[in-house]
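See structure below.
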Amino acid sequence: MNEEIYASYLRSGVSIPEQQDVAAQFTARTGERNCITGQHFCDESNGDSNHCSVVQGCLTYGLLPKRLQKNFPMDTATAPRSDTRRVTVVSNANHSIRTVAVLRINGSEVDQLIAVAANKLRLKKPKLMFDACGQTVAAGFNFSNLKEDDRIYISRGEPFVGLAKVATVACGGDVWLMANAADVDKDALAQLERTAQLPGVVRAVGYPDLCPGLRFPIGASFVVRNRIYPELIGSDIGCGMSAFKILAPIPSLERAAARLRGLDCAYAQADRVLEAHSLRSHPAHDKTLGTIGGGNHFAELLAVDRIETAAAFATLGLDIDSVILLVHSGSRSLGKAVLEEALAQNASDESRGLSFEQGTPAFETYMQQHSHACDWARLNRDLIAARFCAMLFDRDELAPDIIEWTREHAAHKIIDIHHNNVENAVPVTGNANFTSDSAGVWIHRKGAAPSDRGIVPIPGSRGALTYLVQARGSQERNAYSLPHGAGRKWTRSKALSTVSEKYKKDMASLERSRFSSIVICEDRRLLAEEAPEAYKNIEDVVADISGVADVVAVLKPLLTYKFRRDERNSSKN
């Protein structure tokens with residue numbers, strides 16, 4: 001359904017339930033001929049223009065109620081959109097070999113593709129062609145139904161090695177992109193659409209902070225039936241955020257900054273802390289407990305900029321004068337080891353990724369390791385907060401009761417969520433692939449905040465505001481999840497080169513934000529990679545979820561800790 005058809009549909013006076021019913025049919029059918037696929041549409045039936053989505057699916061003329069068919073002429077859905085199509089031609093055996101071609105829709109499309117494969121991809125004697133769903137492209141294929149930048153895979157005889165067709169969902173599950181104001185990288189969207197085609201995936205949701213990962217996108221959730229995909233959680237299992245209300249007056253920011261160091265260094269009492277919290281010790285990973293790590297991880301002091309929803313804000317025990325410590329970190333090297341072990345010990349299809357069917361021994365083993373890593377990650381954030389507060393208030397961070405002392409005298413935890421995890425979920429209604437049994441439905445979050453845990457933080461870059469938001473209404477459509485941050489606008493390599501060049505004579509200016517907050521980061525590379533310019537506008541991200549969440553309060557940074565060298569051995573990795 002394209003924007004013009006959908007706008008006409010909304011103007012037709014159809015009730016909202018009927019609109020939703022047709023939309024459900026639209027997203028439930030894919031791979032059909034003579035239909036419009038992968039288009040943007042916006043649900044403005046409730047005056048909300050922020051629910052713009054990209055859907056992997058088809059709406060055929062016959063799916064519309066008969067009284068609506070007059071609004072959609074038959075040739076609107078079936079006629080060619082132009083006499084040319086720009087497509088990406090890809091080597092089936094090596095997806096990194098590709099080129100862009102403009103096909104003339106004149107009956108000679110197959111011959112044109114063969115010529116492109118031979119002349120541009122250097123593939124001699126191509127024998128087979130496939131579309132993105134693995135369907136054979138040959139004489140009689142309806143090239144008019146291709147949309148701009150669709151992919152055609154060229155084979156020299158080998159079977160399709162892209163993402164295989166899913167029997168239960170014709171060429172993949174529903175794809176929803178909750179982005180309108182925020183820019184989304186086309187590679188991230190392509191990863192989202194490909195992931196939706198994995199076996200068992202019935203819904204893939206991309207949030208406004210969606211950005212490309214190595215194979216699977218970040219800033220997304222995936223609803224999967226009867227199986228789990230470790231790679232859709234990633235290596236930093238349990239990564240998330242914990243927010244703490246500071247209970248005592250803080251020293252001046254300059255004095256606080258001078259006291260903070262060594263949060264990248266091994267904590268000498270890690271084994272004791274693990275034992276006290278009934279978590280088993282891992283000699284290879286204990287040294288990373290209580291450390292922030294690299295990348296976008298941080299510990300940050302924030303002040304209240306403004307309160308939007310006073311009643312909800314009060315439930316956190318906060319007021320306008322509160323200071324909040326926000327810690328972003330995960331399971332460090334432990335989570336990485338869990339994923340690497342799973343990949344090493346279990347055979348996987350390179351195109352589909354590794355998955356474990358529910359009820360198998362491999363499934364149970366991974367879920368036990370996953371749960372342990374999430375608990376470890378939660379404790380890691382607690383210990384980071386305790387170490388941070390010990391330095392802030394001039395206490396001994398190695399004191400046996402440092403976490404307990406922190407809870408009672410320094411910082412009370414008010415929010416604790418994971419961004420990278422998998423959990424059992426309620427069924428998604430309106431989808432023919434779900435029954436009333438939720439036992440086999442698994443939500444995979446890869447850089448997404450849960451929307452069913454109360455108020456959650458959505459931070460911008462280190463030089464931007466942080467929003468506290470609370471979900472509103474049904475969260476089914478967005479897979480019970482929300483954005484976990486602003487999301488990267490630039491790759492790390494682009495940020496490093498661009499920012500380093502821009503600030504080459506004044507890198508020190510990056511150690512202060514536009515709010516005059518202090519940034520502690522003695523790694524010049526990381527300082528550039530994590531510059532505010534490298535991230536999307538957090539206001540755009542929050543605007544895009546206004547249909548499913550309310551802003552509770554807005555926080556501004558006071559001090560951000562990333563990395564500081566110390567005489568002790570660093571464990572930053």
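The values are calculated or read from the model by the stated rules, or taken from the named source; none is laboratory data. Keep in mind that this is a model prediction, so the values were computed, not measured. Every residue, glycine as well, gets a Cβ built from its backbone with ideal geometry; the counts of neighbours run over all protein chains shown. Protein only, heavy atoms only, side chains kept; ligands, DNA and RNA dropped before computing areas. Shrake-Rupley method; radii C 1.70, N 1.55, O 1.52, S 1.80 Å.
Details
- Filter pass, Pro199 being more than 30 Å from Tyr535 (Cβ to Cβ), open to solvent by 10 Å² or more (accessible area, probe 1.4 Å) and either assigned to a strand (DSSP E or B) or modelled with pLDDT under 90 (or both): no
- Test result for Ala101, open to solvent by less than 60 Å² (accessible area, probe 1.4 Å), touching a helix residue (DSSP H, G or I) at 6+ places or on another chain (Cβ under 6 Å), under 14 Å from Arg151 (Cα atoms) and at pLDDT 85 or above: yes
- Checking each residue in the range 329-358 for being part of a helix (DSSP H, G or I) and either free of Cβ contacts under 8 Å to residues at least 40 places away in the same chain or open to solvent by less than 60 Å² (accessible area, probe 1.4 Å) (or both) picks out Arg332, Ser333, Leu334, Gly335, Ala337, Val338, Leu339, Glu341, Ala342, Ala344, Gln345.
- Residue that is surrounded by the fewest Cβ atoms within 10 Å (Cβ to Cβ) [pool: residues in the range 241-251 that are aliphatic (A, V, I, L, M) and either assigned to a loop (DSSP other than H, G, I, E, B) or at pLDDT below 95 (or both)]: Ala248
- Residues of the range 359-401 that are of a type in the set (Gly, Ala, Ser), open to solvent by 10 Å² or more (accessible area, probe 1.4 Å) and over 30 Å from the mean Cα position of the chain (by Cα): Ala399 alone.
- Residue within the range 488-511 that is within 17 Å of the chain's Cα centre (by Cα), modelled with pLDDT of 95 or more, open to solvent by less than 30 Å² (accessible area, probe 1.4 Å) and under 30 Å from Trp376 (Cβ atoms) present: no
- Of all the numbered requirements in (1) closer than 24 Å to Gly353 by Cα; (2) touching a helix residue (DSSP H, G or I) at 6+ places or on another chain (Cβ under 9 Å), Lys494 misses one, and that requirement is (1).
- Count of residues meeting criterion [open to solvent by 10 Å² or more (accessible area, probe 1.4 Å) and of a type outside the set (Phe, Trp, Tyr)] in the range 531-547: 10
- Unique match (being free of Cβ contacts under 8 Å to residues at least 24 places away in the same chain and of a type outside the set (Asp, Glu)) among Ala314, Ala299: Ala314
- Here the condition is being charged (D, E, K, R) and within 30 Å of Val224 (Cβ to Cβ); of Lys562, Lys489, Lys505, Lys556, it holds for Lys489 alone.
- Test result for Thr466, farther than 11 Å from Val541 by Cβ and over 17 Å from the mean Cα position of the chain (by Cα): yes
- The set of residues from the range 278-288 being within 20 Å of Arg565 (Cα to Cα) and open to solvent by 60 Å² or more (accessible area, probe 1.4 Å) comprises just one member, Lys287.
- Residue list for the range 217-240, restricted to those being at pLDDT below 95 and assigned to a loop (DSSP other than H, G, I, E, B): Asn226
- Taking the listed residues Glu254, Glu275, the one that is surrounded by fewer than 19 Cβ atoms within 10 Å (Cβ to Cβ), out of contact with any Ser or Thr (no Cβ under 9 Å at 6 or more places or on another chain) and in a helix (DSSP H, G or I) is Glu254, with no other qualifying.
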